[in-house]
1. Going by what's in this entry, would Tyr638 be described as within 19 Å of Asn765 (Cβ to Cβ) and either open to solvent by 10 Å² or more (accessible area, probe 1.4 Å) or of a type in the set (Ser, Thr, Tyr) (or both)?
2. Restricting to the stretch 44-81, what's the tally of residues that are over 20 Å from Pro197 (Cβ atoms) and assigned to a helix (DSSP H, G or I)?
3. Among (1) in a strand (DSSP E or B); (2) open to solvent by 20 Å² or more (accessible area, probe 1.4 Å), which single condition is Leu704 missing?
4. Yes or no: Pro523 under 18 Å from Gly672 (Cα atoms) and modelled with pLDDT of 95 or more?
5. Are there helices (runs of 4 or more DSSP H) fully within the stretch 466-573 with at least 3 residues that are farther than 30 Å from Ile343 by Cβ and open to solvent by 10 Å² or more (accessible area, probe 1.4 Å)? List them.
6. Just give me the residues in the stretch 245-262 being modelled with pLDDT of 95 or more and not in a strand (DSSP E or B), in sequence order.
7. Go through the stretch 82-109 residue by residue and tally those that are touching a helix residue (DSSP H, G or I) at 6+ places or on another chain (Cβ under 9 Å), part of a helix (DSSP H, G or I) and crowded, with 22+ Cβ neighbours inside 10 Å.
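The values are calculated or read from the model by the stated rules, or taken from the named source; none is laboratory data. Note that the structure is a prediction, hence the values are computed from the model and not measured. For neighbour counting, all protein chains shown are included, and Cβ atoms are generated from backbone atoms with ideal geometry for every residue, glycine included. Heavy atoms of the whole protein, side chains included, go into the accessibility calculation; ligands, DNA and RNA do not. Shrake-Rupley method; radii C 1.70, N 1.55, O 1.52, S 1.80 Å.
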Amino acid sequence: MTLRSVCIVFYVWFSVSLIAQPKSTTHTLVSEKSAMQLRAGWMMQSSCKVDEPGELLSTPRFQATGWYSVSVPTTVVGALVKLKVYPDPEFGVNLRKFPGMNYPIGENFSNFPMHQDSPFMVPWWFRKEFTLPESYKGKTVWLDFGGINYRANIFLNGKQVATYDDVAGAWRTYEFNITDVALIGKPNVLAVEVFSPTDRSLAITFVDWNPAPPDKEMGIFRDVEVRTSGPVAVRYPAVVSKLDADGMAHLTVTGLLKNSTNQSLKGTLKGQIDTTEFSQEVQLGPHEEKDMMFDPSQVSQLNISHPRLWWPAQMGKPELYALKLNFEAEGQTSDRVETKFGIREITSELNDHGKRLFSVNGKKILIRGGGWATDMMLRENSRRLHDEFNYVQDMGLNTIRLEGKLETKDFFDLADERGILIMAGWCCCDHWEHWSEWTPEDHKIAEQSLKDQIYRLRSHPSLLVWLNGSDNPPPADVEQTYLKVEKELLWPNPVISSATGKPTAVSGQSGVKMSGPYEYVAPGYWMQDALGSNHPQDCNAGGCGGGYGFNSETSPGPAVPPIESIKAMLPKEHWWPIDDTWNYHAGGGAFKDIHVFTDALNARYGGTNSLEDYTFKSQAQAYEGIRAMFEAYSRNKYTSGGVIQWMLNNGWPSLIWHLYDYYLRPGGGYFGAKVAMQPVDPVYGYDDRSIYVINSRYEDAKALHITTKVLNLDMTEKFSNLSTIDVPADGVTKIVSLPDIPDLSPTYFVSLRISDASGKLIGSNFYWLSTKAETLDWSHSNWYTTPTASYADFTALAGLPKIKLKIAERSEQNGENETTHVMLENPTNGLAFFVRLKVDKGQGGEEILPVVWQDNYISLLPGEKREVTATYRVSNLGGAKPSVEVHGWNVQ
């Protein structure tokens, strides 16, 4: 199909669109504040509707009549969705109705060419008018693009600033000296012609966790800024810390200098950390860019005794310092920059089994994290970002993994401030790992992409590690290029060749594994598979994901959200039974439906016959699986180095791989994770039927009292043990092994409580178990699951007597937040099992989200009283009075 044919299809489709196209253009006056962002007032249009060249489009003579009024950052489809040109892509199967959605359902669009009649086969124009203040006169003016996907021609004031060949690569950043083109005190016009990626582009990939929009994320997806400097600009300030055993920190300070002139220049680069100052003389050649470094062996002020260290949140306080760098020439400041940094040193080593362990400031840390899913249309939302970090901290996670989605500065700043570690690296399953097909240009784009991202990230203390590959390590020549860049740019953290256990001839063993599972497995799987003992085969082939080593991504499978989320994402006629509309919100590849999870649910808990029944039982099964996974890795530290739950969140409404869903509604998996990562966690061992206490604090826990009770379905006590123990800092202590107990009911319970020396309850756990052995079919393990040979039987839970709880609630406001206290009492002789709490916007109203619950999906023993709290924004009440709603397995 010709370009003209594509444009004809475009005209026909858009002739029935619902938008009234704007006719006005917004002018922006750029100020001299630190963030000179060009966000509002952009206009966007398909090249099918634009005949004029960029030289004309980038002048005031051109009137963008009929163009779409958009803000940047945005993708093309993201902007059209916001303007309601397209229907809500997250609801039902609406996304498949978009033009250009011709690729096979469940496949990775990155590896398919766009259909020839897609409106995104052609470039789209972005146009912005703005005025620079008079104070810019006499200065060097820079135009920065934080991210363009995938190629672009850039024009300013009738002149081409950059070409299609200059701007290529989604993960590159661009800075252009526009001093000779920019107009001071007059209107400037910027026009950017953006081209979508192809199936052979080093672009942005959604693998199998959500579908990709039809534009393949084409657009200006990061900030556009204008800023000034003198003749020399200072960029990418960073501090690299080395610690010694004597409490000294040795700081290397670095920054990039850019000479914007065609003359040699001399000057002084000055730095300051707190009250400590240092400087050095610099000479730059014409248009030279040079990385400068202050070496602590030569600058004594950079050797600091007993500094305030940056720690991950669970280990201490994430202390931050400020670094200031400025370049002076002829007695005047040419440019100054400031950044925050943390004094810390992250190292890694291979243990006796060849598995990778990480340490922060000389102390080992068990990595417990989740894989980040960026928004399906790359939309930025600062409030949502803070809410998601709140959830990460509330669960007790200490790490987020980014697979190829290298987030915004706000994301990394928040990680620094909160003490959350970040694993970063490239993505799998597309041209990024199709090395045999790379052209010389691909090698260049990959190298420059890495340089740009290392420059961006190296100053952030939250960065734990960089992965040069994901599902495969790069070949020797590519890996050597990557390692050279990382060394030259002083990357301060460990580097791993890939997320897999595949060794390379360049860097050797990775010390990590990516061997699954990703599909449902029975809870006992995680503890029974010790050191891969059930898998004599090569673990790189999969099926060796038990709780040992460092698992860079794994999961107990689907995460069916609570009923409210199902109703929000699916049309009513598709709520029940499960059908292809459900499946469209599952995953791709091997995960196109959730039948493995559903088969297990029906076998273990009894057949489900309604949406309410299915979604509620799903919370229980997710709770079991997530808890078992995290507790297995915690119990086995430091035979295990850590685990990344695949995934943390979703980029669109999904049935798989999350700890909280797209609507920020925490379900069973969230609270299974939270209980597994409580600072002092009493744990049941599915493999040996023993009780353990895991201390995640970095201080000894002394004189703990742990009560173990085994209870029948009717709450008859069948076993009881009270132990007083000490657990070392960051340690694990075995308490007691459960004996063979006669006359257990088919479903029975293990209740664990820990109190400190003063009698205060500091940890608890509650397990439901089956007398029917749950066995695994190890011989048929594959890369994504180990089948269950015989299931546990929890059908007896249906016979629990109905319970009417006593409920009292009160709410109090504290600044912008409100906290609702819920007092629950079980006045009966039966068990109140798996009780779910909600706070609604008035009685019968919508659930308030996001919300941080102290605990949820809880079980109350006979006569037990418990108070739990929920914290949320006052503004989310919408003026209503908070109302508590209580449901449960057997709660009236």
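1. Criteria not met by Tyr638.
2. The number of residues fulfilling the criteria is 5.
3. Unmet condition: (2).
4. Yes; evaluated as a whole, the condition is true for this residue.
5. 476-488, 563-569
6. Ser260, Thr261, Asn262
7. Adding up the residues that qualify gives 1.
Condition check ((1) touching a strand residue (DSSP E or B) at 6+ places or on another chain (Cβ under 8 Å); (2) open to solvent by 10 Å² or more (accessible area, probe 1.4 Å); (3) at pLDDT 95 or above; (4) polar (S, T, N, Q)) across all residues:
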residue: Asn817; (1), (2), (3), (4): yes, yes, yes, yes
residue: Pro827; (1), (2), (3), (4): yes, yes, yes, no
residue: Asp840; (1), (2), (3), (4): yes, no, yes, no
residue: Val852; (1), (2), (3), (4): yes, yes, yes, no
residue: Leu861; (1), (2), (3), (4): yes, yes, yes, no
residue: Val868; (1), (2), (3), (4): yes, no, yes, no
residue: Pro882; (1), (2), (3), (4): yes, yes, yes, no
residue: Val891; (1), (2), (3), (4): yes, yes, yes, no
